[in-house]
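Structure first, commentary second.
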Amino acid sequence: MLLYFLERLRVLGIHHPARHFVTLTEENSYLGELAGEYNFLDNFLDPPGVHGRYSSLIHFNFFLAALCRSAPGDLLARTQSMRDACGPSAPGEANPALSLGAFLAAAEIEGLDRLVFFSTDSLKPVARRIGYLVGASTGKKGRGIVPIFGRSSYRLEMLQLGCFVAILKMAGEEDRELGRRHDELREADVPMVSIELNGPEELAVELFKWEIATALACSQLGVNPFHEPDVRESRTRTVQILEQIATKHQSPASAMRAREGEVELYAEGRTRRQISTLNMTEALRTFLGLRHPKGYIALLPFVGFGEAQENSNPADS
């Protein structure tokens, strides 16, 4: 793509096309090398190895803030203020990241392993970003916090089973349903944290606070927030599958457990031995019977998350 756009600028008569490019990348990266080789206008470098879920304040996000007409100086000042408030020299009772991290860790230790987010419409993407941060960081060694993005249809009885709640609000956005849910949860003594932002300019520092809080919570849970064992295992298994396809010209196939019409059911490991093969109904009945009374069933559809999926809610049934 770089070569393509360099050529496009040359066609337009630009004599030094590379001077119209800047890079935002890690130190010692290939892209950084290209910036020096082509003499780009500028090169903004972040420390190597910053995990994506802990990247709220890398150069790229300051660049996005500038594109959105936010003042980078204001963002930097807010960032420094939040860093000081969350730092080791700040009093513990006034440290927002320490309080939030203690809330996350205490909930998980007490057996509340489902963090349910309720938010105003403008903050739903932020809730998903935070949910990914918390879930991917804490979910190791057989423990962790599962993020769930709540709907108004969720019954209070369900939220009282293994759940704690985060409510995200944007000042000036009226949401009566969210207010009603907040009051309902408070009266029912469901553990909850409620956060209100004064404007979009506070998004980056709020994410920064959650990043520090999540790392602190992980220290109490005895897990490394930056370790990704499942990612490595997945990559290793993918390489093995690709090698099998390349050498044997066939993909590994699991044995089907049950079939009804065009629907096939597969299972692996211990679950495979515990479900019936009589027919699809019996297979599903025995599978659902394996669920722990206080557990849950996770549906992981490999489809794009659009309006159709948004309006199809398993919790409604």
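The values are calculated or read from the model by the stated rules, or taken from the named source; none is laboratory data. Since we're looking at a predicted model, the values are computed, not measured. Cβ: placed from backbone, ideal geometry, glycine included. Neighbour counts: every protein chain shown. Areas reflect the complete protein model, heavy atoms only, side chains present, ligands, DNA and RNA absent. Shrake-Rupley method; radii C 1.70, N 1.55, O 1.52, S 1.80 Å.
Computed from backbone phi, the HN-Hα couplings of segment 108-125 come to 5, 5, 7, x, 8, 9, 10, 9, 9, 9, 10, 8, 5, 4, 5, 9, 4, x Hz, rounded to whole numbers (Karplus: 6.51 cos²θ - 1.76 cosθ + 1.60, θ = phi - 60°; Gly and Pro given as x). Rounded to the nearest 500, the 222 nm mean residue ellipticity of the chain from helices alone is -14000 deg cm²/dmol, with -39,500 (n - 2.57) taken per DSSP H run of at least 4 residues. Between the amide H of Phe149 and those of Phe117, distances stay under 5 Å, these residues lying 5 or more places away or on another chain, with hydrogens modeled in the peptide plane. The ellipsoid that matches the Cα gyration tensor of segment 1-157 has semi-axes, each √(5λ) in whole angstrom, of 40, 20, 16, with the longest given first. Segment Arg285..Thr238, full-extension length gain: 13.8 nm, with 0.36 nm per residue of separation and the alpha-carbon distance subtracted. In this structure the chain gives 64 Å² per residue of accessible area when probed at 1.4 Å with all protein chains present.
Put simply, the amide H of Asp46, placed in the peptide plane, has neighbours under 5 Å in Thr25, Glu26, Glu27, leaving out anything fewer than 5 places away on its chain. The GluC sites (Glu not before Pro) found in segment 79-162 that occupy coil by DSSP, while having at most 12 further C-beta atoms within 10 Å, are Glu110.
Estimated translational diffusion coefficient (Stokes-Einstein, Kirkwood radius over Cα pairs, 37 °C, 0.692 mPa s) of segment 92-177: 237 µm² per second. From the Kirkwood radius over Cα pairs of segment 153-242, Stokes-Einstein at 10 °C and 1.306 mPa s returns a whole-number translational diffusion coefficient of 96 µm²/s.
P(r) tail, segment 175-317: Cα-Cα pairs separated by more than 28 Å, 53% of all pairs. Counted over all Cα-Cα pairs of the chain, pairs farther apart than 29 Å make up 54 percent. Each of Asn224, Pro48, Ser29 was scored by the projection of its Cα onto the charge dipole of the chain, and the greatest displacement toward the positive side belongs to Asn224; charges sit on the C-beta of Lys, Arg, Asp and Glu. For Val165, nonlocal amide neighbours, meaning residues 5 or more places apart or on other chains whose placed amide H falls under 5 Å from its own, are Val116, Met192, Val193. Here segment 72-206 has 53 percent of its accessible surface on carbon and sulfur atoms, given a 1.4 Å probe and all protein chains in place. In order along segment 26-32, phi translates into HN-Hα couplings of 7, 4, 6, 8, 4, 5, x Hz, rounded to whole numbers, per the Karplus curve 6.51 cos²θ - 1.76 cosθ + 1.60 with θ = phi - 60° and x for Gly and Pro. Per-residue 3J(HN,Hα) values for segment 37-43, derived from phi via the Karplus relation 6.51 cos²θ - 1.76 cosθ + 1.60 with θ = phi - 60°, read 5, 8, 6, 5, 4, 7, 9 Hz in sequence order (x marks Gly and Pro). Between the C-alpha center of segment 219-289 and that of segment 113-184 there is a gap of 29 Å.
Taking only the Cα atoms of segment 21-111, the radius of gyration and Dmax are 17.7, 56 Å.
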